[in-house]
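Contents: one structure, followed by commentary.
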2 protein chains.
Amino acid sequence: MALQSVPAERAGARKLSLEEGFSLQFGGELDRLEIDFEIWGELNADRSNAILICPAFSAHSHARSSPENPEPGWWQGMIGPGKAFDTEHFFVICSSLLGGGAGTTGPLSINLRTGREYAGDFPIVSIRDIVRVQARLLRFFGIERLYAAAGGSMGGMEVLELLTREAPACDRGLVLSATARTQSYTATIRHVGRRAIMLDPAFKGGFYGEHPPRQGLKLAREVGTMYYRSREDFNGRFSCAPITTPSLDGITFDFQSYLDHMGNKILTTFDANAYLRLSMAMDLHDVSRGFDSLDQALRRIPGQVMVMGVEQDPLIPIDEQQDLLEALEKAGVRTQWHSLSSPFGHDAFLKEFDWLTPRVRRFLEVMER
Amino acid sequence: MALQSVPAERAGARKLSLEEGFSLQFGGELDRLEIDFEIWGELNADRSNAILICPAFSAHSHARSSPENPEPGWWQGMIGPGKAFDTEHFFVICSSLLGGGAGTTGPLSINLRTGREYAGDFPIVSIRDIVRVQARLLRFFGIERLYAAAGGSMGGMEVLELLTREAPACDRGLVLSATARTQSYTATIRHVGRRAIMLDPAFKGGFYGEHPPRQGLKLAREVGTMYYRSREDFNGRFSCAPITTPSLDGITFDFQSYLDHMGNKILTTFDANAYLRLSMAMDLHDVSRGFDSLDQALRRIPGQVMVMGVEQDPLIPIDEQQDLLEALEKAGVRTQWHSLSSPFGHDAFLKEFDWLTPRVRRFLEVMER
């Protein structure tokens, strides 16, 4: 076990390497674990001020800038002195996702048994596997009780899994735009994206080496992009008047340039094998799995939960957050409910910082100065 | 010009062959026109009882069974003696879509200039082109004024185009689950499907001959399938509990079998080049094109319009039918409005015959016996 620094030019300023086996929920075994993570603020003497930030699908450990990596992080507006997750009070920690491509063990890691990248051989991961890795990191820091855990979308699924399953205990969970169990409609959206990747002849069962299935990955992202923002936002930004003579393979509509841009962006940030596994992890998400009922699972939650939903979320509709809220209340969990109207739809937790900050601070019981 | 019968074992019992040129709205020229159509009921002496049925994307001339083709049609429950479109009162006519693959000139037709199928060379078609072909057929029957024209989804777009643009005049339009102009969000859904087809290496620019891009076409249909029914219906029918050990390329979820079934079905009914062109025609739909405004277009409507929307339609939301209704009223058009709550979502016009029938009959002013 060794805590070491990695070069500052990439997300994830620190890496924890654990030479220990790790069994995955749906089968498969990893011979070692590398955990890419970042920290902000200071852990207090009794280790009682830690907040775990749980990344969403396309996120990673670099939630905020750091001395080693001054690039703004994906939750830059939420973490820092005086911010929602106030680093003057809290020790904030965030690690990249197991099965992803951002430094924590995943398809780009070396498989000790073959001496080559796992690539298409990397097993299916679950939200529970991901959370077990986060818990392992917290144990390394000697944190037995979290002050809070927070995440949006997939991150919110991680928070729920952590609250119901894993040591350490957690006093406050912030579940933003997430769900207790993935519904089939939402899963279908992701399934279709995965099929697009695997349909690309460049995919080659995941063993594409230096030549990733770019077209398939782009198409998967384009399908996803339609569900991140609201329909109203999309229709408001783009008209359907053809901008050139219509053709099947050229740019006919304005929105194609936007999709193209979003699709191209992912080519530099996402490995296709990682995309497939994290996407599948969300579809397999069900906090009640292994319990007799959702109620039984939620009754294990030791602290209180803030649930937030966005009225215009087309990916995980606000009904599912309302269902979660009801189930939590029925299970006797103390809750706080916030609903937001935002054109950013599913992405609101990545955008609406001014709205979120006072609500999160109140929930975290941070006294205003 | 020749009216001839075609063998009864396929949709479209009759064919009109016109050796005349046809210029398309967005460029391109056809040297002749074949129109595949069917008729039910009898045209009266003054030719005043004709109802045009406008097919949706995946439909064709075989809207109802006929002596030549006893197979039930796609609007079997709506057309016939005593039905919504009552063949005891009306002469009902329906032709397959230009640019489609069901007998009317399209990518499967022979290009006289090359002696081979058009395939990937077939031009972009528009809803206006499609309606001009329907109007040409009506002219052949000497019909100068339609009693009514009716269609759902793409068929509703055709009705609007016919009402605002084309001779013959039409006294009653029935526009079900359609829109006055396609919005970019809806277009994106179709665009992504088209990309899936063209991404399939079997596509070969449309010149795939006997080996169509099956995987791409299936994937396009799977994306579409998600928007035909409501989210509630989908979530209610399928759970996300894995039915086997999860894997990326096997069947993990119940809904995959349904998507697979819908995807496979299309392989026998849809030519990929036809799919691309009809899909694109819907995205280019805008009844106001060529006018100064939508209002100016709608003011040309000579008769009254029945507008129907489904509350759970995820493809063309009911807001768009409400917007159309308002615009029609503002333009001084007499309207009838019906909204329906149906788990069938966008597909309700193909399913909710008991609900539709009395409303359509009233709108058509058919006296009950």
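Any read-out appearing in this document is the output of simple, stated calculations on the displayed coordinates, not a laboratory observation. This structure is a prediction, so every number in the text was calculated from the model and none was measured. Don't worry about glycine lacking a Cβ; one is built from the backbone with ideal geometry, like all the others, and counts go over all protein chains shown.
So the values come out like this:
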{"item": "Cα-Cα separations in the protein assembly as shown greater than 50 Å, expressed as whole percent", "result": "23 percent"}
{"item": "Averaged over B:315-321, number of beta-carbon atoms from partner chains that fall within 10 Å", "result": "1"}
{"item": "Label-point separation, B:GLN322 to B:GLN296 (7 Å along Cα→Cβ), nm", "result": "2.9 nm"}
{"item": "Nearest residue to the symmetry axis between B and A, taken on chain B by its Cβ, in whole Å", "result": "B:PRO201, 2"}
{"item": "Percentage relative contact order, segment A:45-117, counting C-alpha pairs under 8 Å, at least six apart", "result": "28 percent"}
{"item": "Label point 7 Å beyond Cα along the C-beta direction, distances from A:LEU112 to other copies (nm, shortest first)", "result": "7.5"}
{"item": "Kirkwood-based shape ratio for chain A, expressed as Rg/Rh from alpha carbons", "result": "0.96"}
{"item": "Using alpha carbons only: equivalent-ellipsoid semi-axes of segment B:232-369, gyration tensor based, whole Å", "result": "37, 21, 15"}
{"item": "Under 12 Å, Cβ to Cβ, from A:GLY224 - net charge with Lys/Arg +1 and Asp/Glu -1", "result": "+4"}
{"item": "Beta bridge orientation in the protein assembly as shown: antiparallel %, DSSP, nearest 5", "result": "40 percent"}
{"item": "Local net charge near A:SER48, Cβ-Cβ under 10 Å (Lys/Arg +1, Asp/Glu -1)", "result": "-1"}
{"item": "Cα pair distances exceeding 28 angstrom across segment A:1-159, given as percent", "result": "16 percent"}
{"item": "Spin-label pair A:GLN304/B:ARG113, simplified geometry with 7 Å Cα→Cβ offset, distance in nm", "result": "7.3 nm"}
{"item": "Separation between Cα centres of segment A:154-230 and segment B:214-255, rounded to whole Å", "result": "15 Å"}
{"item": "For B:ALA169, inter-copy label distances in nm, listed shortest first [label point 7 Å out on the Cα-Cβ vector]", "result": "8.2"}
{"item": "Shielding score for A:232-241, defined as the mean number of other chain Cβ atoms within 10 Å", "result": "5"}
{"item": "Taking segment B:244-369 and dividing mean pair separation by its residue count, relative contact order in percent (alpha carbons under 8 Å, at least six apart)", "result": "19 percent"}
{"item": "Whole-Hz couplings from phi, Karplus 6.51/-1.76/1.60, listed for segment B:214-221; x for Gly and Pro", "result": "4, 5, x, 5, 4, 5, 4, 5"}
{"item": "Exposure proxy ranking, count of Cβ atoms within 10 Å, fewest first, for B:SER96, B:SER279", "result": "B:SER279, B:SER96"}
{"item": "Around A:TYR118: net Lys/Arg minus Asp/Glu count, Cβ-Cβ under 15 Å", "result": "-2"}
{"item": "Stokes-Einstein translational diffusion, segment B:186-281 - Kirkwood Rh over all Cα pairs, 0.890 mPa s, 25 °C, in µm²/s", "result": "172 µm²/s"}
{"item": "Ascending list, in nanometres, of distances separating the B:LEU267 label from those of the other copies (7 Å, Cα toward Cβ)", "result": "3.0"}
{"item": "Amide H partners (placed H, <5 Å) of A:LEU146, local residues excluded", "result": "A:ALA169, A:CYS170, A:ASP171"}
{"item": "Sequence-distant lysines (8 or more away, or on other chains) whose Cα lies within less than 21 Å of A:LYS204", "result": "A:LYS218, B:LYS204, B:LYS218"}
